[in-house]
Amino acid sequence: MSRQQEARYNSHMEVPGTARSTVQRWRDEIDRAVELASAEPLSVALAAPGCGHCYVVKALDVHPCLGKVRGRRLLASLGVAQSARIEDISEKDRAAIAANCGCGRG
């Protein structure tokens with residue numbers, strides 16, 4: 001492969017700056033949601049601005065009263081998809097999740 005062909009190939013393989021910043025923003029939102037869910041009541045973590053891209057199930061996984069199995073069972077009992085992001089669920093669903101988490105930290 002010539003240098004010119006290699007340069008063209010490499011320029012197509014680079015991730016544009018806007019895509020990088022978007023992915024970094026999503027990662028920051030996920031980190032923030034996980035941090036809040038592990039330390040704060042679920043109602044705070046599910047309502048906090050800047051946490052919307054995180055999957056609900058990921059926040060439930062780290063919550064001290066739930067964990068992976070109980071969190072998924074809770075979502076199933078409420079009819080919330082495991083693939084739902086925090087920004088995709090309604091206020092009613094958020095309140096139901098927090099109310100039914102099974103501890104005083106809802």
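A short reminder: the numbers here are calculations on the coordinates, not readings from a lab. Everything quoted here is computed from the prediction, not taken from an experiment. Here the Cβ is made from the backbone with ideal geometry for all residues, glycine too, and neighbour counts use every protein chain on show.
Filtering segment 26-82 to residues that are among the β-branched types (Val, Ile, Thr), surrounded by 14 or more Cβ atoms within 10 Å (Cβ to Cβ) and assigned to a helix (DSSP H, G or I) leaves 30, 34, 44, 56, 57, 62. Inside segment 83-106, residues that are under 19 Å from residue 32 (Cα atoms) and exposed (fewer than 12 other Cβ atoms within 10 Å of the Cβ) make up a count of 2. Pairing each residue of segment 51-70 that is closer than 12 Å to residue 38 by Cβ and in contact (Cβ under 8 Å) with a residue 12 or more places away in the chain with any residue that is of a type in the set (A, V, I, L, M, F, W, C) and exposed (fewer than 15 other Cβ atoms within 10 Å of the Cβ), provided the two are 6+ apart or on different chains, yields C-beta distances under 6 Å for 65/103.
Take the residues of segment 83-98 that are outside any helix (DSSP H, G or I) and of a type outside the set (Gly, Ala, Ser): which is farthest from residue 50 (Cα to Cα)? That would be 89. Cβ separations smaller than 9 Å between residues 6+ apart or across chains give the following pairs from segment 23-49 residues that are over 25 Å from residue 102 (Cβ atoms) to residues that are in a helix (DSSP H, G or I) and of a type outside the set (Asp, Glu): 29/86.
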